[in-house]
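Enquirer: Mind looking over this structure? Questions follow.
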Ligand code: HEM
């Protein structure tokens, strides 16, 4: 409980640090960024209360460290549709078998990716709440697994679905995975991977940015409408307009000033496990980091993640390509986006598990994001 209390406390301070971040000007954001850069190490409320090897460092850092060597997943390991989770498990920042838990997820996202506590906690709480076991806080990063355990009070012996479960977190119209009704929704589709780089080549000299991701997202939506008779763009899909931007705000190696560098195919491909075999051909290998990769210095917060994705989601709104349950009106400000995402996230939690032990903490973690809403 100590950890959960500390998380809630720290998230309250995140909210008060951005009392109305929709009103921040570019100058104010720059000043906030500069203030963070001036500090070598940011205080981290989780660090003192996590066990030995779960201490989170903050600032620029070469990842992995010596304690986390790459190992390809074993035959029994779970892996799934998220390249970030797969990668963190391949280095042992998450359980190498892919049976992780809330604390480990919060730790891994901060330590490996350089994400803020707010973003890390939100994604982790939602994962355990909708795809995992809220009682023991475990979740599989792939499909159902006995090691996650059944949820006793439900009494039906069913295992939680894991991250791969369709339409709770995993959705149709993904950047590099097929829709489940017409293909493999778990493993990298290398043709879709090449498609991303074709757009980047055409629009931005082979580098990813927000405009490239908007066009890629639009193409994926159109492909789902065209090819998948069962296509349904689930409400939680709104989250992935922001996750799309991780390709250029998280995966590039950091520059000397700690900011993410250029999002080139050389840097980003290992994150996806895309190994080049020819001019336009790739094979899938376990997700790994580029040699000597340096994590971004300034933790990626929810405000920054939302600001990065807002153009993409607005472009989708103008074409009527939004997930079910999201309207243009929800997207008129970053604060509106946070509130919409939060309410959708809470709506994903099955009524049958809302009252379970452990769920209260997960729900209040989600709820304390982006106050007031
Ligand atoms: C608790 C943490 C996380 C959870 C629960 C999670 C979950 C997911 C899920 C379910 C998907 C599939 C979405 C779809 O069907 O389109 C996904 C995709 C993705 N995730 Fe994560 N994720 C987490 C953390 C991360 C991290 C740390 C990264 C690091 C960069 C990341 C990067 C991505 C990217 C880029 C995609 C899009 C994959 C594609 O190309 O289709 N995620 N994530």
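Every residue, every condition in (1) under 16 Å from residue 362 (Cβ atoms); (2) near the ligand (Cβ under 10 Å from one of its atoms); (3) out of contact with any strand residue (DSSP E or B) (no Cβ under 9 Å at 6 or more places or on another chain); (4) in a loop (DSSP other than H, G, I, E, B), yes or no:
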| site | (1), (2), (3), (4) |
| --- | --- |
| 94 | no, yes, no, yes |
| 100 | yes, yes, no, no |
| 103 | yes, no, yes, no |
| 121 | yes, yes, yes, no |
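Enquirer: Condition check: over 23 Å from residue 189 (Cα atoms) and either at pLDDT below 95 or away from the ligand (no atom under 16 Å from the Cβ) (or both). Does residue 75 satisfy that?
Expert: Numbers: over 23 Å from residue 189 (Cα atoms): no; either at pLDDT below 95 or away from the ligand (no atom under 16 Å from the Cβ) (or both): yes.
No; evaluated as a whole, the condition is false for this residue.
Enquirer: Give just the number: which of (1) at positive phi; (2) without any contact (Cβ under 8 Å) to a residue 24 or more places away in the chain; (3) within 21 Å of the chain's Cα centre (by Cα) does residue 184 not satisfy?
Expert: (1)
Enquirer: Out of the residues in segment 352-373 that are part of a helix (DSSP H, G or I) and at pLDDT below 85, which is surrounded by the most Cβ atoms within 10 Å (Cβ to Cβ)?
Expert: 353
Enquirer: How many residues does segment 134-192 contain that are part of a loop (DSSP other than H, G, I, E, B) and either more than 14 Å from the ligand (Cβ to nearest atom) or over 20 Å from residue 283 (Cα atoms) (or both)?
Expert: Within segment 134-192, residues that are part of a loop (DSSP other than H, G, I, E, B) and either more than 14 Å from the ligand (Cβ to nearest atom) or over 20 Å from residue 283 (Cα atoms) (or both) number 32.
Enquirer: Look at segment 193-211 and say how many of its residues are under 20 Å from the mean Cα position of the chain (by Cα), closer than 20 Å to residue 261 by Cα and in a helix (DSSP H, G or I).
Expert: Result for segment 193-211: 3.
Enquirer: Continuing with this model, one more query. Check residue 323 against each of (1) modelled with pLDDT of 95 or more; (2) surrounded by 21 or more Cβ atoms within 10 Å (Cβ to Cβ); (3) not in a helix (DSSP H, G or I) and name the one condition it does not meet.
Expert: (1)
Enquirer: Pull out all pairs, ordered by first then second residue, where Cβ-Cβ is under 7 Å, the residues are six or more apart or on different chains, the first lies in segment 149-167 and is farther than 14 Å from residue 350 by Cβ and free of Cβ contacts under 8 Å to residues at least 12 places away in the same chain, and the second is part of a loop (DSSP other than H, G, I, E, B) and more than 16 Å from the ligand (Cβ to nearest atom).
Expert: Filtered contacts from segment 149-167: 157/150.
The values are calculated or read from the model by the stated rules, or taken from the named source; none is laboratory data. Keep in mind the model is a prediction, meaning the values are calculated, not measured. Every residue, glycine among them, receives a Cβ derived from its backbone with ideal geometry; neighbour counts consider all protein chains shown.
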